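Step one of this worksheet: look at the structure below.
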Amino acid sequence: MGEQEKVAILMAPRLGDSLLMMVIANNFRNNGAQVSIFSDYIWQLRDWFPGFAIHRSLTEQQAHAALSGFDRAIQMHPGWPFDLTQKNSNAVIYDEHMVITGKGFVKAYQMRDFCRDYFGHTGCTHTNGMVAPGGIEKNRYPRRVAIHPTSTGALRCWAPKYFGQLATDLIKAGFEPAFIVSPAERADWQWVTGVGAALPDNPGLTGVACYIRESGWFIGNESGIGHLASAAGIPVLTLTGRMTRTRAWRPAWSISRIVSPWYIPGGRLRDRYWRILLTPKQVMWAFGKLRSDTAAVTDTDTNMNAKEAA
């Protein structure tokens with residue numbers, strides 16, 4: 001691959017997908033390519049991705065002219081946001097070459113391996129190039145638990161009353177729960193302040209990223225915000241009723257755990273009832289396991305550093 005290969009990467013209008021596609025972007029950059037990103041989400045986070053040329057998402061009408069100077073164009077999903085193969089003669093659609101979901105893989109690692117096996121990259125990594133801007137202190141508030149109670153669909157969301165109980169249990173355990181919601185969702189979640197939780201008003205996506213980065217922990221439904229927390233280096237606990245899918249799409253840049261009901265029916269019943277079958281007690285148990293996992297890694301790093309210094 002020539003050092004000056006020009007690569008365009010178009011993102012679907014989903015935060016989690018965009019952060020994952022940055023794995024491919026990062027490997028191209030690390031292998032000497034000039035990488036341009038077209039994504040409204042990554043544009044909002046452009047200060048967190050130094051070294052990339054980041055632009056707003058393209059409309060289909062803009063795409064042909066905008067992509068004419070690129071040696072290669074890549075997107076994740078066929079036809080989304082539009083048919084890229086009609087806009088660039090060397091288009092690559094990721095999903096057409098890889099298993100979309102299933103057992104035995106994690107998407108971020110799958111993308112790393114795709115860069116090695118399909119593009120011939122060397123020194124491949126599953127990291128996505130996200131770097132916190134200066135002045136944002138990781139874990140500044142170690143007892144703060146950022147909670148994201150929403151997602152792209154109601155069936156992917158844990159029961160709201162359980163989130164309230166979880167907040168109460170976290171407060172009793174000495175933690176400081178803070179609910180992360182969009183401006184349009186704030187009215188629906190104002191009630192959490194009544195149980196003692198915070199409801200911060202973070203300015204835009206970069207404000208959310210800063211707030212989570214300075215928190216100690218993250219708990220939430222399967223969502224793009226969970227991937228954002230992981231990319232920011234914060235331990236993540238994901239609540240789900242679809243364990244197989246969530247394992248494949250799990251946040252993979254920080255320590256993470258997944259929790260689902262101990263018993264769950266299959267098919268449509270699973271989608272309907274996991275939200276109430278998963279109890280706050282189970283989530284607190286899984287949160288304890290996440291903290292143990294994090295402490296074990298911290299202790300290992302401390303011991304290694306001590307040995308190196310000896």
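The values are calculated or read from the model by the stated rules, or taken from the named source; none is laboratory data. Quick caveat, the model's predicted, so the values are computed rather than measured. So basically every Cβ, Gly included, is an ideal-geometry build from the backbone, and we count neighbours across all protein chains shown. We work out accessible area using only protein heavy atoms, side chains counted, and drop any ligands, DNA or RNA first. Shrake-Rupley method; radii C 1.70, N 1.55, O 1.52, S 1.80 Å.
Between 0 and 90 degrees, the angle of helix 204-213 with respect to the longest Cα principal axis of the chain falls at about 60 degrees. In this Cβ point-charge picture (+1 for Lys and Arg, -1 for Asp and Glu), the chain has a dipole of about 980 debye about its Cα centre. Taking the average, over residues, of other Cβ atoms within 10 Å as the packing measure, peptides 73-79, 63-69, 21-27 rank 21-27, 73-79, 63-69 from highest down.
Expressed as an acute angle from 0 to 90° and rounded to the nearest 10, what is the orientation of the C-alpha long axis of helix 15-30 relative to the principal long axis of the chain? In the chain, helix 15-30 runs at an angle near 50 degrees to the longest axis. The mean sequence separation of alpha-carbon pairs under 8 Å and at least six residues apart, normalised by the residue count of the range 16-157, gives a relative contact order of 28 percent. Looking at the P(r) of the range 21-62, how many percent of alpha-carbon pairs lie beyond 18 Å? Here the long-distance tail beyond 18 Å is 24 percent of all Cα pairs in the range 21-62. Near the amide H of Ile219, within less than 5 Å, lie the amide hydrogens of Ala146, Ile147, His148, Leu237, all on another chain or at least 5 residues away, with H placed in the peptide plane. Can you figure out the FRET efficiency of Arg46 with Leu269, using R₀ = 41 Å and their beta-carbon distance, to the nearest 0.05? So, using R0 = 41 Å, E works out to roughly 0.40. Couplings 3J(HN,Hα) of the range 41-57, computed from phi: 5, 5, 4, 4, 9, 4, 5, 8, 10, x, x, 10, 8, 10, 10, 4, 4 Hz, in residue order, whole Hz [Karplus 6.51 cos²θ - 1.76 cosθ + 1.60, θ = phi - 60°; x for Gly and Pro].
Calculated accessible area for the range 1-111 comes out at 44 Å² per residue, all protein chains present (probe 1.4 Å; ligands, DNA, RNA ignored).
Coupling constants for the range 34-40 follow from the phi torsions by the Karplus curve (6.51 cos²θ - 1.76 cosθ + 1.60, θ = phi - 60°), and in residue order they are 8, 10, 10, 9, 10, 6, 5 Hz; glycine and proline get x.
Taking the average, over residues, of other Cβ atoms within 10 Å as the packing measure, peptides 107-113, 259-265, 219-225 rank 219-225, 107-113, 259-265 from highest down. Amide H contacts of Ile258 (H built 1.01 Å from N, in plane; Pro and chain starts excluded): Thr238 sit under 5 Å, all sequence-distant by 5 or more or on other chains. Solvent-accessible surface of protein heavy atoms, probed at 1.4 angstrom with all chains present, puts Lys103, Lys161, Lys87 in the order Lys103, Lys161, Lys87, largest first.
For the chain, the fraction of 1.4 Å probe accessible surface lying on carbon and sulfur atoms is 51 percent.
Diffusion coefficient of the range 123-194 by Stokes-Einstein, Kirkwood radius over Cα pairs, 4 °C, 1.567 mPa s: 88 µm²/s. Within the range 75-96, name every residue whose backbone N is under 11 Å away from a label modeled 7 Å from Cα of His64 along the Cβ vector. Counting only backbone N, you get 86-88. Which of the three applies to the range 1-106, rounded, prolate or oblate, going by the alpha-carbon gyration tensor with a ≥ b ≥ c and a/c under 1.5 meaning rounded? The shape class here is rounded. Shown here: volume of the Cα convex hull per residue in Å³, derived from the displayed model; of the candidates [x] 177; [y] 144; [z] 154, it corresponds to [z].
For the chain, calculate the relative contact order in percent as a whole number, restricting contacts to Cα pairs under 8 Å that are 6 or more residues apart. For the chain, the relative contact order is 16 percent. Shown are Leu170, Leu58, whose ranking by accessible area with a 1.4 Å probe and every protein chain present, most to least, is Leu58, Leu170. Residues in the range 113-259 average 40 Å² of solvent-accessible surface per residue, probe 1.4 Å, ligands and nucleic acids excluded. Between the Cα long axis of helix 280-309 and the first principal axis of the chain there is an angle of about 60°, rounded to the nearest 10. Here each label is just a point 7 Å from Cα along the line to Cβ, and for Gln34 and Ser292 those points are 5.3 nm apart.
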